[in-house]
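So the structure is just underneath, and the comments pick up after that.
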Amino acid sequence: MKRILSLPLIILFCLFQIGCASYGNKQLSNSSRLDFAREGVHTKRDIHALLGQPHDVTAFSDGGALWEYHNAEVAIPGKEYIPFYGLFSSDDMRIKSTVAFFEFNTTGVFVSRRTERKEYYVTSFDTMKGSFQGTKVGVITERVRAEMVGLGLPFDSKTAKQMGDLLAVQK
């Protein structure tokens with residue numbers, strides 16, 4: 001009899017638990033690590049040594065570049081794990097997003113950093129729509145690969161593919 005009574009309590013407990021996931025560069029939550037980078041002193045190689053491979057690279061027409069590092073902390077309501085319910089529920093997943101932008105001049109010297117933090121909510125359906133951005137991920141991956149090869153730095157395809165996970169939860 002005790003087992004029968006405890007089963008509903010266990011189910012109820014599981015329904016309201018929250019799952020968490022993290023995508024991207026977890027070092028972005030360490031502000032002292034970001035503050036280590038000195039404008040006019042450090043180079044692309046230094047930033048790479050500090051934070052690893054960027055998630056995206058934008059080349060400017062003047063020869064400068066912008067590197068992006070992303071991190072997303074996702075809190076998922078326990079009800080989202082119920083088969084089929086999660087696809088159609090309006091319960092939102094909370095996303096805490098951090099993006100750090102590092103700008104470099106034409107000689108590859110770090111000139112400025114900007115960090116954006118925001119919190120927003122997405123549904124399971126939103127994340128499914130985001131996961132179909134394969135072409136965009138391929139273009140971003142190629143930009144990062146070209147930058148790493150151009151600097152003689154190793155290219156990590158696993159880190160590059162994380163951009164797909166990040167795009168799936170970004171708004």
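Can you run down the residue pairs with Cβ atoms below 6 Å, 6 or more apart or on separate chains, where the first is in the range 43-64 and within 13 Å of E103 (Cβ to Cβ) and the partner is surrounded by 13 or more Cβ atoms within 10 Å (Cβ to Cβ) and basic (K, R)?
Sorted first by the residue in the range 43-64, then by its partner, the pairs are V57/R143.
Which condition number does Y23 fail, the rest of (1) at pLDDT 85 or above; (2) outside any helix (DSSP H, G or I); (3) buried (at least 16 other Cβ atoms within 10 Å of the Cβ); (4) in contact with a helix residue (DSSP H, G or I) (Cβ under 8 Å, 6 or more places away or on another chain) being met?
Tallying (1) at pLDDT 85 or above; (2) outside any helix (DSSP H, G or I); (3) buried (at least 16 other Cβ atoms within 10 Å of the Cβ); (4) in contact with a helix residue (DSSP H, G or I) (Cβ under 8 Å, 6 or more places away or on another chain), Y23 fails exactly one: (1).
Could you please give the count of residues in the range 142-171 that are assigned to a helix (DSSP H, G or I) and at pLDDT below 90?
Result for the range 142-171: 13.
Of the residues that make up the range 77-96, is at least one at pLDDT 65 or above and surrounded by fewer than 15 Cβ atoms within 10 Å (Cβ to Cβ)?
Within the range 77-96, none of the residues are at pLDDT 65 or above and surrounded by fewer than 15 Cβ atoms within 10 Å (Cβ to Cβ).
Please work out which residue is modelled with the lowest pLDDT, limiting yourself to the range 49-76 and to residues that are among the small types (G, A, S) and crowded, with 16+ Cβ neighbours inside 10 Å.
A72
Does T115 satisfy the condition of being assigned to a strand (DSSP E or B), surrounded by fewer than 18 Cβ atoms within 10 Å (Cβ to Cβ), of a type in the set (S, T, N, Q) and at pLDDT 80 or above?
yes
The values are calculated or read from the model by the stated rules, or taken from the named source; none is laboratory data. If you're wondering where the values come from, they're calculated on a predicted model, not measured in any experiment. Counting neighbours? That spans all protein chains shown, and the Cβs are built from the backbone with ideal geometry, glycine included.
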